[in-house]
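Working notes, structure below.
Throughout, read-outs are computed from the coordinates displayed, never taken from laboratory work. Just so we're clear, the structure is a prediction, and the values are computed from it rather than from any experiment. Quick reminder, even Gly has a Cβ in these numbers, built from the backbone with ideal geometry, and neighbours come from all protein chains shown.
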Ligand code: FES
Ligand code: FES
């Protein structure tokens, strides 16, 4: 099969790759770029372990073909922390103990990030809807919801208080 060249932004860096057009975004992230924070669970859109942000919106990267990413911005869990500082969601997941085995965590955090980018003060129901495509076998979800609410509060404090 003829290869295609795809230009996109990955965690803030412009990238240009020439690959088989049948590769999924998940395969490119893990196998071409070696970013293994994005997990493969089911491989067909049911578990959310592979969730990344595509132009700020949470998507299952196992269902996105690399050619669909042309000109877009991709953010993986590795791109959330900046200059050694954790994203408020990463910090709140640690603080509330919302991580057990951790397999679902990167995808869960990126689904939550997508929500908080458009709604800084979500209700429990809105949080449940946002993470409804992300399966967790360990936590029972209560601590995850608590973590997302805490991150929303911390994000607001940060904006209002002008902390660096
Ligand atoms: S690996 Fe993509 S949804 Fe399960
Ligand atoms: S913490 Fe283990 S699957 Fe969620």
Shape call for the chain, from the Cα gyration tensor axes a ≥ b ≥ c (a/c under 1.5 means rounded, otherwise prolate when a/b beats b/c, else oblate), comes out prolate
Cα shape, region 72-123, gyration tensor, a/c 1.5 rule = rounded
Measure nothing fancy, just the Cα-based angle from helix 105-118's long axis to the longest principal axis of the chain, in degrees from 0 to 90, nearest 10.
-> 80
Of the residues 107, 120, 12, which exhibits the maximal mean-square fluctuation in a Gaussian network model of the chain defined by a 10 Å Cα contact cut-off?
-> 12
Return one number: the angle in degrees, 0 to 90 and rounded to the nearest 10, between the long axis of the Cα atoms of helix 142-161 and the longest principal axis of the Cα atoms of the chain.
-> 80
Most mobile of 130, 112, 91 per a Gaussian network model of the chain (Cα springs, under 10 Å)?
-> 91
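Is the shape of region 67-164 rounded, prolate or oblate, going by the alpha carbon gyration tensor and its root eigenvalues a ≥ b ≥ c, with a/c under 1.5 for rounded and a/b larger than b/c for prolate? Provide the component values of the computation, followed by the final result.
On the way: a/c = 1.35, a/b = 1.01, b/c = 1.33.
Note, shape of region 67-164 comes out rounded.
Would you order 8, 93 from fewest to most other beta-carbon atoms within 10 Å of each residue's own beta-carbon? Write out the running numbers ahead of the final one.
Numbers: 8 20, 93 26.
Lowest count first: 8, 93.
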Residue of 23, 115, 135 that the Gaussian network model of the chain assigns the largest fluctuation, springs spanning Cα pairs under 10 Å = 23
Residues 24, 105 arranged by fewest to most Cβ contacts within 10 Å | 24, 105
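For the chain, what does the helix formula give at 222 nm: sum of -39500 (n - 2.57) over DSSP H segments with n ≥ 4, over the residue count, nearest 500 deg cm²/dmol?
Working: 4 runs with 49 residues, N = 164.
Dividing the helical sum by the residues of the chain leaves -9500 deg cm²/dmol.
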